[in-house]
Amino acid sequence: MTRGPKLDQTLRLALEGYAWLPNLRRRIGDNVVRTTLFGGPAVGLCGPEAARFVYDERHVRRHGALPKPVLSTLFGKGAVHTLDGEAHRVRKAMFTGLMTPDGTEAGAGVAAGVARLGEHVGEAWDAAVPGWRGRGGLTVFADVPAVITAAVCRWAGVPLAGEEVGPMATALMALVDGFATAGPRHWRARRARGRIEARFADLIDSVRDGRLAAPAGSAVRTVAEHRDADGRPLDRAVAAVELLNVVRPTVAVTWFVMFAGHTLHRWPEHRAMLAGGDGERATAFAQEVRRFYPFAPFVGGRAARDLTFRNEPIPSGAMVLLDVYGQNHDPSLWHDPYAFRPDRFVGRPIGEFDLIPQGGGDPRAGHRCPGEAITLATLTALAGRLARLDHRVPEQDLRIPLHRIPARVTSGFRLSLR
Ligand code: HEM
């Protein structure tokens, strides 16, 4: 029987953040750890075999599994994250259907297509640069959200006037920044969610009653017209939640752009390649940013019934956590895991359950993130532009404390522009 501390770990999680589960596993010398979290039994697992186990929906259910504070900030009530089985598959297809490479599959004149979003993001960055130059520089964590917000809203069919972009970007960032804390960041996130959901629900109404002509294939129109497994359109509040589940995580790519800047400063040897826009190597760089830096600490749900993993019993209803940060730094999977080496992704096929910063398995069948193509397109577009920007990194606090979830460069990563 696997060991692990019986004492409730909620406080230790708050203190240790990303290091909590890896520390526990290291202490007992196993990839399976049994403990107590949020007052109930929990099992922490790590490794591709564990990922395959967790992403088998016969094992782990999501309904009723996610803590309320996470739903009221990050995901929203009734979100796809909380569905199982057929209801999940039908709702999930709404998201994966938006991820066509260039939108052409969806018909003529469509707004969708990941490549189009990459172009919008690049244009929004180029438009912002003169303003940044005018004030002598930018802070990635504070200034890039507006770039991505303008681009993703345009792509998704969300009308946004110029002066609305900044406040919307701030609100979207607050949703992500406040999901794992009980402090002021949490309350800021809840207030922001209330405001954006109300606005997006009105938007859905106006598409449905024809006041707004949203382009075919756009996220707004897709969500407005979607029918769930029961054949009914989404309730307006749930439609707002799901539209937000496209826009919000796209703006969250800001975290990876900030980390890309951090990399280019610490290991400037990658700059020339990125600036040159080498497709395969730029993608490998983005994959390594997603592997190397902390974002999602773990994913999981509740045991759907009494289970056994590697001869270890897991009781029905126990929380099952897959250690994402730990697996992305597992030396048996990644040689020298704390070295930043994009080359490890060049010419290497990536197993469905190996690289899991955004979950594992098949996104159409399970809960893996449907937005990886968007993440890579946005990150490569902006990391390339960052590498080409003639900038200096002034003295600042570049530490990334692992106890803070989500982790960030303390300074937000400031750049001076000449
Ligand atoms: C799910 C991470 C970008 C939409 C997830 C999950 C993670 C994740 C860890 C949970 C997987 C699980 O529960 O097993 C990230 C990160 C991103 C990102 C780190 C980049 C900053 C995106 C983008 C979209 C998106 C751009 C836009 C469509 C979603 C949705 C789900 C999800 C809808 C729920 C999937 C489901 O439950 O079936 N993401 N994501 N994410 N992500 Fe992302």
Regarding ILE350, is this residue among the hydrophobic types (A, V, I, L, M, F, W, C), surrounded by fewer than 19 Cβ atoms within 10 Å (Cβ to Cβ) and within 20 Å of the chain's Cα centre (by Cα)?
yes
Notebook entry, point to check: Do we find a residue being more than 23 Å from the chain's Cα centre (by Cα), under 30 Å from PRO48 (Cα atoms) and acidic (Asp, Glu) anywhere in the stretch 224-237?
Noted result: no
Picking from ALA124, ALA112, the residue that is within 16 Å of the ligand (Cβ to nearest atom), modelled with pLDDT of 95 or more and either surrounded by fewer than 18 Cβ atoms within 10 Å (Cβ to Cβ) or of a type in the set (A, V, I, L, M) (or both) would be ALA124
Going through the stretch 359-418 in order, the residues found to be part of a loop (DSSP other than H, G, I, E, B) and farther than 27 Å from GLY326 by Cα are LEU389, ASP390, VAL393, PRO394, GLU395, GLN396, ARG418
- Task: Kindly check whether there is at least one residue in the stretch 406-417 that is under 21 Å from the mean Cα position of the chain (by Cα), of a type outside the set (Asp, Glu), at pLDDT 95 or above and more than 16 Å from HIS265 (Cβ to Cβ).
- Result: yes
Here the residues within the stretch 131-184 that are part of a helix (DSSP H, G or I), touching a Leu at 6+ places or on another chain (Cβ under 7 Å) and aromatic (Phe, Trp, Tyr) are TRP132, TRP155
Can you spot a residue in the stretch 334-348 that is farther than 23 Å from ILE148 by Cα, of a type outside the set (A, V, I, L, M, F, W, C), touching a Pro at 6+ places or on another chain (Cβ under 9 Å) and modelled with pLDDT under 95? no
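Return the only residue of ARG302, ARG290, ARG281, ARG310 being under 25 Å from ASP330 (Cα atoms), crowded, with 17+ Cβ neighbours inside 10 Å, modelled with pLDDT under 95 and of a type outside the set (A, V, I, L, M, F, W, C). Please lay out each step first, then the result.
On the way: ARG302 fails: modelled with pLDDT under 95; ARG290 fails: modelled with pLDDT under 95; ARG310 fails: crowded, with 17+ Cβ neighbours inside 10 Å.
Going through ARG302, ARG290, ARG281, ARG310 in turn, just one is under 25 Å from ASP330 (Cα atoms), crowded, with 17+ Cβ neighbours inside 10 Å, modelled with pLDDT under 95 and of a type outside the set (A, V, I, L, M, F, W, C): ARG281.
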Cβ pairs under 8 Å, 6+ apart or interchain, first in the stretch 63-79 and in contact (Cβ under 8 Å) with a residue 12 or more places away in the chain, second surrounded by fewer than 18 Cβ atoms within 10 Å (Cβ to Cβ) and among the basic types (Lys, Arg), ordered by first then second residue, are SER72/ARG190; THR73/ARG190
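The values are calculated or read from the model by the stated rules, or taken from the named source; none is laboratory data. Since we're looking at a predicted model, the values are computed, not measured. Neighbour counts are summed over all protein chains in view; Cβ atoms, including those assigned to glycine, are modelled from backbone coordinates with ideal geometry.
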